[in-house]
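The values are calculated or read from the model by the stated rules, or taken from the named source; none is laboratory data. Everything numeric here is computed off the predicted structure, so don't read it as measured data. Every residue, glycine as well, gets a Cβ built from its backbone with ideal geometry; the counts of neighbours run over all protein chains shown. Only protein heavy atoms, including side chains, enter the accessible area calculation; ligands, DNA and RNA are left aside. Shrake-Rupley method; radii C 1.70, N 1.55, O 1.52, S 1.80 Å.
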Amino acid sequence: VVVVHPVKLFGLRLAGSEGSFPIHQFEAVSVERSSGPVDAQGGPNEMVSLIGRDGTPDILVARTESGAGISLGRELATALRLPYQEQQTPY
């Protein structure tokens, strides 16, 4: 079961999903890679997410840098017995 708690910042609840979701409601672990902005500070980074099936939200698990998300995503997919997918997005 994946348990998602509401996110709060300075006491204010931010928009986003919350609740308990069985693993079978997710179809894959996805890593979205970005090269980072060219006109601002920052570098390559990744977002690791659980991709929900119909009616189940996608859940952001982690934001990482320097390729750590690829390792995390693969390990998470193996542990949860879900397919792994990776995509490159321009910043």
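Some notes on this structure:
- Residue count for segment 7-45, restricted to those that are touching a helix residue (DSSP H, G or I) at 6+ places or on another chain (Cβ under 8 Å) and at pLDDT below 95: 2
- Taking the criterion of being over 15 Å from residue 35 (Cβ atoms), open to solvent by less than 100 Å² (accessible area, probe 1.4 Å) and out of contact with any helix residue (DSSP H, G or I) (no Cβ under 6 Å at 6 or more places or on another chain), the residues of segment 81-91 that qualify are 82, 83, 85.
- None of 50, 14, 76 is open to solvent by 50 Å² or more (accessible area, probe 1.4 Å) and not β-branched (Val, Ile, Thr) except 14.
- Of all residues making up segment 56-73, the number that are touching a helix residue (DSSP H, G or I) at 6+ places or on another chain (Cβ under 8 Å) and exposed (fewer than 15 other Cβ atoms within 10 Å of the Cβ): 2
- Residues of segment 34-86 satisfying the condition of being among the basic types (Lys, Arg) and touching an Asp or Glu at 6+ places or on another chain (Cβ under 8 Å): 53, 63
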